Every structure is written in structure tokens, then in C-alpha cells.
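The values are calculated or read from the model by the stated rules, or taken from the named source; none is laboratory data. Note that this is a predicted model, so its numbers are computed, not measured. Cβ atoms come from the backbone with ideal geometry, glycine included; neighbour counts cover every protein chain shown.
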Amino acid sequence: MRVFPILLYWFCCVIVGKAADTAGLYEALFYFYAYRIEYAAFSSAEDRYIGTHCVSASGGLCTFNEFIESWSNKNYLPKVYLAAGDTVYPAVEGADTVFAEMEWPGSYIISKLYRDATKWNYEHMLAAITNRVQAAKGVMTVDSVLLQNSRRALEIAQINRWNENLPRTQESFQERFEGVTLYDKTVKVADGTVKVIDWDKTATEQSKVSKSSSKDLLKRYKKWAGSNKASEYLHHQNIMRNVVTYRNVLGCGSSCSAVAQKFKDLS
């Protein structure tokens, strides 16, 4: 079975996902705390959607280790289950260090993570899980620690996704523009921010050591940014913008809901 990073694909009628390096761990922590919130709100298994394949040895709430195992691709299970995951309160801060030895490849079956999952892309899956937290708010006062952990896990996942994607974008970019360093900047999205490549500064800085003007360089760089060579960068940008909106939803009342969007002007 071929597993494609980040994107979700249909293969033999099973949706397979692949988490993004260390960002994937924090995404798993978001799923887990959303699972905990939903579990507390809905006593009947028929009313729950997250992690419904998980069966705890205790007969109740699954630990983080049990939760991951229940929806992981069985050919790509964690190398070792750590004591740090044998809890219903796994650490969010510093989790990439705490769980480093777990060496989880991050390949999983979407329909086991979320019941009745259909042909969703990654953004739709995150929206669905976010909305289960919102549904829980409609029937109970959600534990503030669980809610805070879910939002923080998403925030760190967004940060790590950028940190992991930028070097790959730089490498791909330099295959066309050797030796050119990419610069970044922060832009506002909804009530949050994301980092993007600052094409203007990249062109301006390069023009200082080039025979071409910054205007000409910018035109070339923007053309690259609109090509399929930049598809991975643009894909991650769309995910990060959606994550910002989902975090905003988690910060408001039950009437707010998450909707996956296709953002324009991602370059």
C-alpha cells in the first residue's frame, strides 16, 4: 500500500492518511483531546464519532496509546509505546520530545479515526472533529483543560507544519533558482496568523547580488509559486489557514462551526 504524505486518498475502498512529521503527533493529540471531550458529552456509543474503534483494557476511556493503536495502519504502528502515552492526559507542551522514542510513522485509517468518514480531504476531517467538540459544548460545559489542550495541540501542529514544510519548499525552489534564500513573513487570517513566503523581500534581497532587477525576479518567483512545483507549499498553506479558523471555532460557543475552505491567493 502506497501512503502519500498529508493528503488523503482512496485506495481499495479505504481512506489512508499520513501525518506530517512532528506536526502529526500534535494533530494526534488534538484528535485525542477531541475524543475525550466527545466521550464525556455523549454517554451512548451511537452518539460518538471519534475513535469509536478504540476498546480500552480498563473498559472505559482509552489511553493515548490505545487511542493511536486503534486507528493506526497496522503495518505502521509506533515502534514502542511509551509510559508517557499510557494516560488520558498526555502532555501537549514539549510532546515532540516526550514522545520522540515512540517513532510513530503516522499512517492511519481515517474511517477508524472518525466513524462513517467519506471521501474527505484533510481539511474536511479536521473540520468534522472540530465540530464534534462544538456539539459537546451544546450538551455540557466542556472541561477547560481538555479544551485548552485541544486548541494548543492544533496551534503547535500549525507551527510545526510550517517549520517542516519551509525547508522542503526551499529545496524545491533552489532546484530552479540555485542559491536563492526564501524569506518569510506573517499575515493575518481570520482572527489568527500564518507564515507565508515573502516573495517581495526574497526578490529584493536577491536583486542585491544579481544582475536582474527585483521586479524581474519577483515575476519569475511568482510564476514558480503558481506552478505545480509549488503544489506542496500551497497545499500546506491551505491547511494552515483552515487550522486557524478551526482554532477560532474552538474558542467560541456551540453555535460556531468549522467549514473546510479552499483559500485563494495562497502564494
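Condition check: buried (at least 18 other Cβ atoms within 10 Å of the Cβ), more than 30 Å from Asn131 (Cβ to Cβ) and among the hydrophobic types (A, V, I, L, M, F, W, C). Does Leu250 satisfy that? Outline the logic, then answer.
Working: buried (at least 18 other Cβ atoms within 10 Å of the Cβ): yes; more than 30 Å from Asn131 (Cβ to Cβ): no; among the hydrophobic types (A, V, I, L, M, F, W, C): yes.
Here the answer is no, as Leu250 does not meet what is asked.
Of the residues Gly106, Gly94, Gly85, only one is touching a helix residue (DSSP H, G or I) at 6+ places or on another chain (Cβ under 6 Å), under 19 Å from Thr63 (Cα atoms) and either modelled with pLDDT under 95 or surrounded by fewer than 21 Cβ atoms within 10 Å (Cβ to Cβ) (or both); which? Just one listed residue meets the conditions, Gly106.
Please verify whether Thr193 is in contact (Cβ under 8 Å) with a residue 40 or more places away in the chain and not in a helix (DSSP H, G or I), treating the condition exactly as stated. Taking the combined requirement at face value, the residue satisfies it.
Scan segment 147-190 residue by residue and report those that are among the hydroxyl-bearing types (Ser, Thr, Tyr), within 20 Å of His235 (Cβ to Cβ) and in contact (Cβ under 8 Å) with a residue 24 or more places away in the chain.
Start the filter on segment 147-190 by keeping residues that are among the hydroxyl-bearing types (Ser, Thr, Tyr), which leaves 150, 169, 172, 181, 183, 186.
With within 20 Å of His235 (Cβ to Cβ) added as a condition, the list becomes 169, 172, 186.
Matches in segment 147-190: Thr169, Ser172.
Run down Ala157, Ala128 and say which single residue is small (Gly, Ala, Ser) and under 27 Å from Asp198 (Cβ atoms).
Ala157
Candidates in segment 191-224 are the residues that are of a type in the set (Asp, Glu) and modelled with pLDDT of 95 or more; of these, the one that is nearest to Ile239 (Cα to Cα) is Asp198.
For Tyr81, the conditions (1) free of Cβ contacts under 8 Å to residues at least 24 places away in the same chain; (2) within 21 Å of Tyr246 (Cα to Cα); (3) aromatic (Phe, Trp, Tyr) all hold with the exception of (2).
In contact (Cβ under 8 Å) with a residue 12 or more places away in the chain and at positive phi, is that true of Ala230? Break it down stepwise before answering.
Values: in contact (Cβ under 8 Å) with a residue 12 or more places away in the chain: yes; at positive phi: no.
It is false that Ala230 is in contact (Cβ under 8 Å) with a residue 12 or more places away in the chain and at positive phi.
If you go through segment 57-81 and keep only what is crowded, with 20+ Cβ neighbours inside 10 Å and among the aliphatic types (A, V, I, L, M), you end up with just Ile68.
Within segment 167-182, restricting attention to residues that are surrounded by fewer than 18 Cβ atoms within 10 Å (Cβ to Cβ) and either under 23 Å from the mean Cα position of the chain (by Cα) or of a type in the set (Asp, Glu) (or both), the residue that is farthest from Val244 (Cα to Cα) is Glu178.
Return yes when Asn131 is closer than 16 Å to Tyr33 by Cα, polar (S, T, N, Q) and without any contact (Cβ under 8 Å) to a residue 24 or more places away in the chain and no when it is not. Write out each step before concluding.
Numbers: closer than 16 Å to Tyr33 by Cα: yes; polar (S, T, N, Q): yes; without any contact (Cβ under 8 Å) to a residue 24 or more places away in the chain: no.
Considered against the rule, which asks whether it is closer than 16 Å to Tyr33 by Cα, polar (S, T, N, Q) and without any contact (Cβ under 8 Å) to a residue 24 or more places away in the chain, Asn131 comes out as no.
The set of residues in segment 19-40 being part of a helix (DSSP H, G or I), among the hydrophobic types (A, V, I, L, M, F, W, C) and surrounded by 20 or more Cβ atoms within 10 Å (Cβ to Cβ) consists of Ala23, Leu25, Ala28, Leu29, Phe30, Phe32, Ala34, Ile37.
Number of residues in segment 196-226 that are touching a residue at least 12 places away in the same chain (Cβ under 8 Å) and not in a helix (DSSP H, G or I) equals 4.
Tally time: how many residues in segment 50-65 are touching a Pro at 6+ places or on another chain (Cβ under 9 Å) and either over 17 Å from Thr87 (Cβ atoms) or not in a loop (DSSP other than H, G, I, E, B) (or both)? Before the answer, list the steps.
Filtering segment 50-65 down to residues touching a Pro at 6+ places or on another chain (Cβ under 9 Å) leaves 63-65.
Filter once more, keeping what is either over 17 Å from Thr87 (Cβ atoms) or not in a loop (DSSP other than H, G, I, E, B) (or both): 64-65.
Looking only at that region, the number is 2.
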